[in-house]
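A quick write-up on the structure given underneath.
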Amino acid sequence: MNDHLAFINAQKLLGTGNIETSNRCPMRCPQCTRAKLLLPKDSNKYREIKARIKRGDDLQITDAHKLLDFFKRGIFLCGQLSDPVYWTNLFEFLKLSNSYLDKNIEIHTAASQKNIEWYKSAFSLCGKNIVWIFGIDGMEDTGPIYRVGQNSKLMFEAMLLGKAMGINIDWQYIVFKHNVHQLDEARLFAKSHNINLHLVKSNRTGGGVKVPKNWKPNKNKEIINGNI
Amino acid sequence: MINYIKPECMPYYYNKEKIKIDNTKGVSQSIAYTTDGYLLPCCWCDAPSTKTDLVKAGLYDENLKLANNTSVEDILASTAWGEFINTIMHSPKNAAWCCREKCGVVDE
């Protein structure tokens, strides 16, 4: 088999498509591509990201079908510059995903939606094949330090609501100097509510945040099980 | 300067001596779908710093937009994608910046 075919097969059988669902996110995380919107308007980087967001659009359901059909394992809704909870077709997609119960679908979200009722409506459409992964880096007080604009309190409420509704809920926690002291508290919270906690070693440094020396990844990014 | 690329989107790689090394367990990067409707080898490629390389490689050609194709396979089977993969595997110094930066190996 040649390299090209090997790539296609590997992606089809082993890959889980990383899907950007729209061009919207209300947060201002300092290392996000969107942060370049804070640069001077005459800079190349500002113009480039502005144009990219302008060109962006919502993933259409017909295209979501094509992605689900290709990746045998499933897909994850993530985002380089958007958050899936701001995808206008999300509820329709959640309904559709019930026809793909053999595929794992992960929803990676760090941007809080308007209220808990929104989450209740979303969770009520979810099948067992969906996992919600909440990106909260710390507890209620420290969550918004890197995730600028995040209503961390609402996110915690949403995680608990999801668990109460029988939804698969995971918690992704990037370890920084400003939240490393809360790891025991986070582990206890996760354990007491039966939530999978993933601790992330990251190189993110934007906005003045710092990563403790022993929480730096070997390369790119490392995720470890925090429940241990 | 990198010696070769150990792509996290591939089940194997070719080392410095051009020997094929299995890396099936190392496939950790999946194809990314972008906000403007294209497929890229992984999310690390979806960055402004490397877009020029990918445009040059043809991955942003209008006919490779997902909306303009009936399946993901149709896009991946294109000549542009074939050449892109070939460059990563056999001509790493000419590969896109993101592939050299994230998956390039200087010494191992």
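Quick check on region B:1-47: of everything there that is of a type in the set (G, A, S) and not in a loop (DSSP other than H, G, I, E, B), which residue is farthest from the other protein chains (Cβ to nearest Cβ)?
Pass one, region B:1-47, residues of a type in the set (G, A, S): B:26, B:28, B:30, B:32, B:37, B:47.
Remaining after also requiring not in a loop (DSSP other than H, G, I, E, B): B:26, B:32.
On the way: B:G26: 10, B:A32: 4 Å.
Going through the qualifying residues, I end up with B:G26.
Scan region A:7-24 for residues that are under 24 Å from A:P84 (Cα atoms) and within 7 Å of chain B (Cβ to nearest Cβ) and the total you get is 10. Reported count of residues in region A:177-217, each being under 19 Å from A:Q31 (Cα atoms) and in a loop (DSSP other than H, G, I, E, B), is 13.
Here is the figure for region B:61-92: residues that are touching a residue at least 24 places away in the same chain (Cβ under 8 Å) and over 13 Å from the mean Cα position of the chain (by Cα) total 6. Looking across region A:105-130, the residues that are in a loop (DSSP other than H, G, I, E, B) and either buried (at least 18 other Cβ atoms within 10 Å of the Cβ) or under 15 Å from the mean Cα position of the chain (by Cα) (or both) come down to A:A110, A:A111, A:S112, A:Q113, A:C126. The single residue among B:K51, B:K20 that is surrounded by fewer than 19 Cβ atoms within 10 Å (Cβ to Cβ) and among the basic types (K, R) turns out to be B:K20. A:I133 satisfies every condition listed in (1) in a helix (DSSP H, G or I); (2) in contact with an Asp or Glu (Cβ under 6 Å, 6 or more places away or on another chain) except (1). Restricting A:D57, A:D69 to those that are within 10 Å of chain B (Cβ to nearest Cβ), without any contact (Cβ under 8 Å) to a residue 40 or more places away in the chain, closer than 15 Å to B:V72 by Cβ and in contact with a Ser or Thr (Cβ under 9 Å, 6 or more places away or on another chain) reduces the list to A:D69. Here region A:13-29 is the region considered, the condition is being within 22 Å of the chain's Cα centre (by Cα) and outside any loop (DSSP other than H, G, I, E, B), and the residue that is surrounded by the fewest Cβ atoms within 10 Å (Cβ to Cβ) is A:L14.
Among the candidates A:G166, A:G162, A:G149, which residue alone is in a loop (DSSP other than H, G, I, E, B) and more than 21 Å from A:S202 (Cβ to Cβ)?
Numbers: A:G162 fails: in a loop (DSSP other than H, G, I, E, B); A:G149 fails: more than 21 Å from A:S202 (Cβ to Cβ).
The conditions single out A:G166.
Of all positions in region A:30-48, none carries a residue that is within 14 Å of chain B (Cβ to nearest Cβ), crowded, with 19+ Cβ neighbours inside 10 Å and among the acidic types (D, E).
Coordinate-derived values only; no laboratory data. What you are looking at is a predicted structure, and each value in this text was computed from that prediction instead of being measured. In this analysis, Cβ positions are derived from the backbone assuming ideal geometry, glycine residues included, and neighbour counts consider all displayed protein chains.
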